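Visitor: Quick one: structure below, then a few questions.
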Amino acid sequence: MGDCRAKYPTPESPACPAGVAPSTRQSGKMRVVGFRWACDKQLRDAVTDFAGGSRHANLWAADLYDRSRARGHDHAHAVCILARARLYVIWHCWQDNAAYDPDKHHALQRVLTNRRATQNRAA
């Protein structure tokens, strides 16, 4: 990715070079959305490996992966969805020049709150 923050002006911008954003081809009335083959393969491998492994240790990542699988996506597609979400978090940490803080990750806090509420109802 390099060290030039201006190269990626939005949180979505690193997803295309990393190969985790879908590729859209459109001509006239035809529109095809598919896998992005033209990307940095090493970056895609690193990001998807990181995302796939993170679902075992992080409740938010596991929840996002499980919801993707429940919608009918296969494992590889679910990992790409998770990798794109992880890149969003990484981009914010990079732009803010700050380390990841789970207390500031609102989606993680929402998952933790829902899990506590479920456990309280079961008890």
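The values are calculated or read from the model by the stated rules, or taken from the named source; none is laboratory data. Since the model is a prediction, treat every value here as computed from it, not as a measurement. In this analysis, Cβ positions are derived from the backbone assuming ideal geometry, glycine residues included, and neighbour counts consider all displayed protein chains. Surface areas here come from the heavy atoms of the whole protein model, side chains and all, with no ligands, DNA or RNA. Shrake-Rupley method; radii C 1.70, N 1.55, O 1.52, S 1.80 Å.
Visitor: Tell me which residues, restricted to the stretch 14-55, are in a helix (DSSP H, G or I) and without any contact (Cβ under 8 Å) to a residue 40 or more places away in the chain.
Guide: Result: 41, 42, 44, 45, 46, 48, 49, 50, 51, 52, 53, 54.
Visitor: Which of the numbered conditions does residue 94 fail, given that it passes all the others? Conditions: (1) part of a helix (DSSP H, G or I); (2) more than 27 Å from residue 3 (Cβ to Cβ).
Guide: Condition not satisfied by residue 94: (2).
Visitor: A follow-up question, please. So, in the stretch 2-61, how many residues would count as being among the hydroxyl-bearing types (Ser, Thr, Tyr) and touching a strand residue (DSSP E or B) at 6+ places or on another chain (Cβ under 9 Å)?
Guide: Counting residues in the stretch 2-61 that are among the hydroxyl-bearing types (Ser, Thr, Tyr) and touching a strand residue (DSSP E or B) at 6+ places or on another chain (Cβ under 9 Å) gives 2.
Visitor: Restricting the search to the stretch 69-90, which residues are open to solvent by less than 30 Å² (accessible area, probe 1.4 Å) and either in contact with a His (Cβ under 7 Å, 6 or more places away or on another chain) or more than 21 Å from residue 34 (Cα to Cα) (or both)?
Guide: 89 - this is the single residue of the stretch 69-90 that is open to solvent by less than 30 Å² (accessible area, probe 1.4 Å) and either in contact with a His (Cβ under 7 Å, 6 or more places away or on another chain) or more than 21 Å from residue 34 (Cα to Cα) (or both).
Visitor: For residues that are farther than 24 Å from residue 21 by Cα and of a type in the set (A, V, I, L, M, F, W, C), scanning just the stretch 91-123, find the one that is least open to solvent (accessible area, probe 1.4 Å).
Guide: 111
Visitor: Go through (1) farther than 22 Å from residue 12 by Cβ; (2) touching a Cys at 6+ places or on another chain (Cβ under 6 Å) and name the single condition residue 100 misses.
Guide: Tallying (1) farther than 22 Å from residue 12 by Cβ; (2) touching a Cys at 6+ places or on another chain (Cβ under 6 Å), residue 100 fails exactly one: (1).
Visitor: For residue 31, state whether it is at pLDDT 90 or above, of a type in the set (D, E, K, R) and more than 18 Å from residue 90 (Cα to Cα).
Guide: When the stated conditions are applied, residue 31 does not pass them.
Visitor: So, one more: Within the stretch 7-41, track down each residue that is open to solvent by less than 80 Å² (accessible area, probe 1.4 Å) and of a type in the set (A, V, I, L, M, F, W, C).
Guide: Listed by number, the residues that qualify are 15, 16, 18, 20, 21, 32, 39.
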